[in-house]
Amino acid sequence: MKKNQKFVDKTYKLKRDAAPLSFMLASRHTKRYPLLWFDENTGENRALRYSRNQKSVFEDEQDGNAILEPIIFEDGFLNVPKNNQVLQKFLSLHPQNGIKFEEVNLERDAKEDVEYLNLEVDALIEARALTIDQVENLCRVMFSMNTDKYTTAELKRDILVYAKNDPAGFLTSLRDPGLQLQSKVQQFLDSKLIVFKNKRKDVHFNLKANKKRMVSIPFGEDPLYVISSFLQTDEGIEVLELLEGKLELV
């Protein structure tokens, strides 16, 4: 043990927004709930078991008088005093540490909050500076909205709410080079220049002289992405020019 090591009380929290009133964490290795720690020195997996009357958290180092105690999070939190170093050690090695629960770190949490708030501010500034054309493009692509049916204020409001609720996603979308083309595709769909058929598996032209299939949508793929990708091919560029010309006449 290091000299002058300070022992402190620690608090742990469940890693989800809606924590149950009471949650019991697995405290011993079983076949149903394996609690194993990989020893880098020996290359072995060692079974963990929490027992307050033992000096070690490893089952192979405990004697036959181990008294098992439940580990219970109340309202999503667990307080472990400094005089229970065995439990603090057990939680640090627990396979669910960082997945199901984590130690409360006020400095780290504050830094994460500041980073998120700065990201939110950046997103809102970007959203407020968008032109109406950019706002309409985003609404068409992100929300599949027919922007002709909404007022400018409604569109700007939806974009600001989106930027506030998902700043990272908003900024990523804003920098997507394919966004403008996908917005154009949505306009083609809104104007019925192209239509879905066969339960949205195919996209067909909907022109007076052309009702042929333009492209098929593979299962699970985003239609806007598939159509945009097609319109960037050698064949698709001519189709794009044709549809843009028709769109101006609508």
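Taking helices (runs of 4 or more DSSP H) that do not extend beyond region 93-199, which have at least 3 residues that are out of contact with any Leu (no Cβ under 6 Å at 6 or more places or on another chain) and either under 30 Å from F23 (Cα atoms) or among the aromatic types (F, W, Y) (or both)?
Working: elements: 106-128, 132-143, 152-165, 167-174, 179-190.
Those helices (runs of 4 or more DSSP H) span 106-128.
For region 61-119, name all the residues that are among the polar types (S, T, N, Q) and farther than 14 Å from K13 by Cα.
Of region 61-119, the ones among the polar types (S, T, N, Q) are 62, 65, 79, 83-85, 88, 92, 96-97, 105, 118.
Those that are among the polar types (S, T, N, Q) and farther than 14 Å from K13 by Cα: Q62, N65, N83, N84, Q85, N118.
Please name all residue pairs, on different chains or six or more residues apart, with Cβ atoms under 7 Å, provided the first residue is in region 174-187 and is over 20 Å from L160 (Cβ atoms) and the second residue is in a helix (DSSP H, G or I) and among the basic types (K, R).
Short answer, once both residue conditions are applied: Q186/R140; Q187/R140.
Conditions first: (1) buried (at least 19 other Cβ atoms within 10 Å of the Cβ); (2) in contact (Cβ under 8 Å) with a residue 40 or more places away in the chain. A168 passes all but one, so which condition is the exception?
In the conditions (1) buried (at least 19 other Cβ atoms within 10 Å of the Cβ); (2) in contact (Cβ under 8 Å) with a residue 40 or more places away in the chain, A168 misses (1) alone.
If you check G76 against the conditions, is it assigned by TED's automatic domain parsing to the domain that holds R16 and free of Cβ contacts under 8 Å to residues at least 24 places away in the same chain?
Details: assigned by TED's automatic domain parsing to the domain that holds R16: yes; free of Cβ contacts under 8 Å to residues at least 24 places away in the same chain: no.
So G76 fails the test.
Would you point out which residue out of E136, E107 is surrounded by fewer than 17 Cβ atoms within 10 Å (Cβ to Cβ) and not β-branched (V, I, T)?
Values: E136 fails: surrounded by fewer than 17 Cβ atoms within 10 Å (Cβ to Cβ).
From the options E136, E107, the qualifying one is E107.
The values are calculated or read from the model by the stated rules, or taken from the named source; none is laboratory data. Predicted model only: the values in this text are computed from it and were never measured. Note that each Cβ is placed from the backbone with ideal geometry, even for glycine, and that neighbours are counted across all protein chains shown.
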